[in-house]
Amino acid sequence: MTKIRTSAANIDPQGGLQFAVRLDGRGGGQLLSWEDIRRWERAQGPLWIHADAGAADVREWLESESGLTQVTIEALLDPEARPRVFAGRSGYVAILRGVNMNEGAEREDMVAMRLWSDGDRVITLRHDYLRTPRVVLDQLLAGQGPKGAATLYEHLIDRLIDYFGSAIDEYETRIEALETALLKDPDVDQVRGDLSELRQDIVSVKRYVSPQRNALGRLLSEPPSWLQDHDLLLLRESVDQFERYIEELDEFRERALVVKDDLTNLQNEKMNRNMYILSIVAAIFLPLGFLTGLLGINVGGMPGVDDGNAFWLTCFILGIVMIAEVALFRRLGWL
């Protein structure tokens, strides 16, 4: 057996095996190798195996040595599997999605965690890097982790849901920033772009959380027999928390629609204000344009043609007309 380490980050994968731990029943565990896994017996204590579903040696072990049925193996290895749970012949399968916590990745590119357990063994598979198993492993290495397979099963789901909460907080921050921007003089194009991106992100997440809600609901309604009452209670609390997160997502989507409506109203208001100003300007210069057009016709009898002061007199009269129009518009409340 491998000597226990102080951090999950220091553990080097053995081929497709990311790590394996034999739980000691006191919150700690012993790291195992492939050889240890093959020699493991139920009497030795609960076993947790976390592996890369895309590795050939993992697939070979699942097919020939794991004892899982072909249906279960195919479900666990399916790279495009949607969230679901079902009871197999020898264990219980849960395929769930969590937010992508990897550096540089989008939260909406949700990563699948595949769990199988029969109450003595827990097998978790991943195609992309998952933070949740590493966090739980750190707890085990510190002697403060789950004490049994059932508790581990519940703990992994709980941690996955906890990370989902971080994405919810991020969406709330983004929607609040958009709402605050509307109170100022926003860049309409920038706000519209940010709003569109946020709505697309929420839709991407909802694509997985809706079936995941149904999957978790089935897990609660038809729990595996080895899941103890205490673990089932904790799992129910986690699922309730997930339901609240979904409700918050729905709330954010509604708030995004309100922001969109407010943004449209703001843009319409600015357009109407500009059109109003243009209308006032046109109304002021319409009589002036009429007078200058009238005095500019090339027919005989135009007054002041031979008077050198006629131009200045005309400008004075036009100024008086403009002042009178502005005064009239103010009296009418148009200005």
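The values are calculated or read from the model by the stated rules, or taken from the named source; none is laboratory data. For clarity, every value in this text was computed on a predicted model and none was experimentally measured. So basically every Cβ, Gly included, is an ideal-geometry build from the backbone, and we count neighbours across all protein chains shown. Areas reflect the complete protein model, heavy atoms only, side chains present, ligands, DNA and RNA absent. Shrake-Rupley method; radii C 1.70, N 1.55, O 1.52, S 1.80 Å.
Quick notes on this structure:
- When you work out D = kT/(6 pi eta Rh) for region 183-320 at 25 °C and 0.890 mPa s, using the Kirkwood radius from C-alpha pairs as Rh and the Stokes-Einstein form, the result is 111 µm²/s.
- GNM result for the chain, Cα springs below 10 Å: residue of Val281, Val203, Val93 fluctuating most strongly: Val281
- Counting heavy atoms of the protein chains alone, Lys147 has an accessible area of about 130 Å² for a 1.4 Å probe.
- Relative to the current alpha-carbon distance between Gln70 and Tyr129, full extension at 0.36 nm per residue lengthens the span by 18.8 nm.
- If you plug the beta carbon distance of Glu237 and Arg89 into 1/(1 + (r/R0)^6) with R0 = 35 Å, you get a FRET efficiency near 0.70.
- Distance (nanometres) between label positions extended 7 Å along Cα→Cβ at Asn268 and Cys315: 4.6
- Whole-Å semi-axes of the ellipsoid equivalent to region 35-86 (Cα gyration tensor, √5λ, descending): 22, 13, 10
- Paired Rg and Dmax values of region 47-159, which use every Cα atom, in angstrom: 13.6, 40
- Contour excess over end-to-end distance, with Cα ends at Glu179 and Glu254 and 0.36 nm allotted per residue: 25.8 nm
- Rolling a 1.4 Å probe across the protein heavy atoms gives the chain an accessible surface of 54 Å² per residue.
- Over all projection directions, the Cα-based convex hull of the chain averages an area of 28.6 nm².
- Extents of region 244-327, largest first, come to 87, 25, 14 Å (Cα atoms, principal axes, whole angstrom).
- Amide H contacts of Met113 (H built 1.01 Å from N, under 5 Å, at least 5 apart or other chain): Leu96, Arg97, Gly98
- Distance between the C-alpha centres of region 180-232 and region 37-61: 33 Å, rounded to the whole angstrom.
- Portion, in percent, of the accessible area of region 123-200 that falls on carbon or sulfur, probe 1.4 Å: 43
- Cα convex hull volume per residue for region 134-189 (Å³): 103
- Globularity ratio of region 101-202, using Cα Rg and 2.2 N^0.38 Å: 1.47
- Over every Cα atom in region 109-164, the radius of gyration and the widest Cα-Cα span, Dmax, amount to 11.0, 32 Å.
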